[in-house]
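Working notes for the structure below.
The values are calculated or read from the model by the stated rules, or taken from the named source; none is laboratory data. The structure presented is a predicted model; accordingly, all values stated were derived computationally and were not measured. When we count neighbours, we look across all protein chains shown, and the Cβ atoms used for this are built from the backbone with ideal geometry, even at glycine. Quick note on the areas: whole protein, heavy atoms, side chains included, nothing else; ligands and nucleic acids left out. Shrake-Rupley method; radii C 1.70, N 1.55, O 1.52, S 1.80 Å.
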Amino acid sequence: VWYYLLSNGEMKENGWEKVNGCWYYFVDGKMLSSQFINYKGDKYYLGDSGAMAVNTKIDGYNIDGEGIAKKLEEHWEQKNNKWFYYGEDGNLYKNKWLKYKGVWYYLLSNGEMKENGWEKVNGCWYYFVDGKMLSSQFINYKGDKYYLGDSGAMAVNTKIDGYNIDENGVARSAYKPVGSRSEFIKKVTPGVLKAVKGKGLFPSIAVAQACLETGFGTDGLSPAPIYNLFGIKAADDTPPERYYEIRTAEYDKNGNKYYITARFMKFTGYDEAFEYYAKLFTRTKWLTNWYRNVLAAKTPEQAAKALTGTYATDPNYGSKLLNIIDTYNLRELDKEIFPNGVKP
């Protein structure tokens, strides 16, 4: 046991004593070492030599210049515009997943947070945006489509939501498309004209919606046995045999895209789909009011604008419809119902 004899020869009995610039602590004359002590509400650490530790980290505690030890907490630190994460022990996370506030992040071999793009971890590829790992959604990357599963890992060699996914993760529609876009338009036009006549709707808009909602008949909802040509969602009371669940994109009020799993109507055939669409806008008083500007539209331009934010959350929905209308000369269809193609 180490003791210290003061200037008068008396043994230091209890408390602190400064010797050669270092502080030591004594209990019944014995110098304490290699331990934390509590003193007047604060915690201190006495090293192997007995000297009070300063300006260091020990056993999950940060020790300041006065020797006061405070327990470390897990926390982020930003250095040179890069983010790093420290655990309760004060150590930097490296090659490690971190779930923070419900979001998964990955810390690289140098401790830096993976910020954007692909990262291969334990043989699987993951994709990050602003540090956040994406999951349960399709993404587009350099012209190809990929699917990230519930775990975030890129899917390979499987089929998901109407797509065949190869060994490289590239997803391609599993449904046989119509021979051409023009052929798809020819296929749906007769049914559209018949259904919307007398309903105050523009056939050019209806055909354009069928093209846009189905990718000109190449999506997973328009073929049998679903026959949903217009992206029509099911009501809450729709029986299970009349709807199909699939992931779909939505947009918030700021125009930011996000994904949800939604229920879409199943129809017995295209004729039923056409009729349902034509009556959709006036099916209930609430819908009639919700789509009042669509019903009151005098031109396809007004109708397209009115459908944006009501029929679809995509802020560019109307402009996309008008682009299809003008590309495929669909205004001619309106002339079969309205004089000069506009409502009187």
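For the reader, a short list of remarks on this structure follows.
- Whole-number percent relative contact order across the range 1-79, with pairs defined as alpha carbons under 8 Å at least 6 apart: 18 percent
- Neighbour net charge for residue 11 - beta-carbon separation under 11 angstrom, K R +1, D E -1: -2
- Modelled FRET efficiency - R0 51 Å, residue 140 with residue 56, Cβ distances, 0.05 increments: 0.55
- Where the Cα pairs of the range 9-52 fall when distances are cut into 10 Å bins, in %: 29, 61, 10, 0
- Dividing the summed -39500 (n - 2.57) terms of all DSSP H runs of n ≥ 4 by the residue count of the chain sets its mean residue ellipticity at 222 nm at -6000 deg cm²/dmol.
- Along its three principal directions, the equivalent ellipsoid of the range 222-268 from the Cα gyration tensor extends over semi-axes of 23, 12, 8 Å, largest first.
- Hits among lysines - C-alpha to C-alpha of residue 197 under 18 Å, sequence gap 8 or more where chains match: 186, 187, 279, 298, 335, 343
- Inter-label distance for residue 327 and residue 32, nm, one decimal - labels placed 7 Å from Cα along Cα-to-Cβ: 7.8 nm
- Rg and Dmax over the alpha-carbon atoms of the range 145-236 stand at 16.1, 51 Å.
- Cα-based equivalent ellipsoid, the range 1-130: semi-axes from gyration tensor eigenvalues, Å: 46, 12, 11
- Taking the empirical scaling 2.2 N^0.38 Å for compact globular proteins as reference, the range 254-336 has a Cα radius of gyration ratio of 1.21.
- For the pair residue 283 and residue 313, label points projected 7 Å from Cα toward Cβ lie 1.9 nm apart.
- With a Förster radius of 51 Å applied to the beta-carbon distance between residue 119 and residue 193, the computed FRET efficiency rounds to 0.50.
- Across 101/145; 159/253; 194/233, pairs whose alpha-carbon gap is larger than 24 Å: 101/145; 159/253
- When you work out D = kT/(6 pi eta Rh) for the chain at 4 °C and 1.567 mPa s, using the Kirkwood radius from C-alpha pairs as Rh and the Stokes-Einstein form, the result is 50 µm²/s.
- Interchain or long-range residues, amide H under 5 Å from residue 100's placed H: 105
- Inter-part distance where the range 1-78 and the range 228-276 are each reduced to a Cα centre, Å: 68 Å
- Translational D in µm²/s for the range 69-224 (Stokes-Einstein at 20 °C, 1.002 mPa s, Kirkwood Rh from C-alpha pairs): 112 µm²/s
- Net charge over other residues, Cβ less than 11 angstrom from the Cβ of residue 325 (K, R count +1; D, E count -1): -2
- Taking 0.36 nm per residue of separation and subtracting the current Cα-Cα distance, fully stretching the chain between residue 77 and residue 236 would add 52.6 nm.
- In the chain, excluding the sites themselves, the longest stretch lacking any of the trypsin sites (Lys or Arg not before Pro) that are in a DSSP loop with at most 11 other Cβ atoms within 10 Å is 143-252.
- Overall, the ratio between the Cα radius of gyration of the range 66-144 and 2.2 N^0.38 Å, rounded to two decimals, is 1.30.
- Counting only protein heavy atoms and a 1.4 Å probe, the chain has 57 square angstrom of accessible area per residue.
- Surface composition of the chain: carbon plus sulfur atoms hold 47% of the accessible area, using a 1.4 angstrom probe and ignoring ligands, DNA and RNA.
- FRET efficiency for residue 101 and residue 290, using Cβ-Cβ distance with R0 set to 51 Å, rounded to 0.05: 0.90
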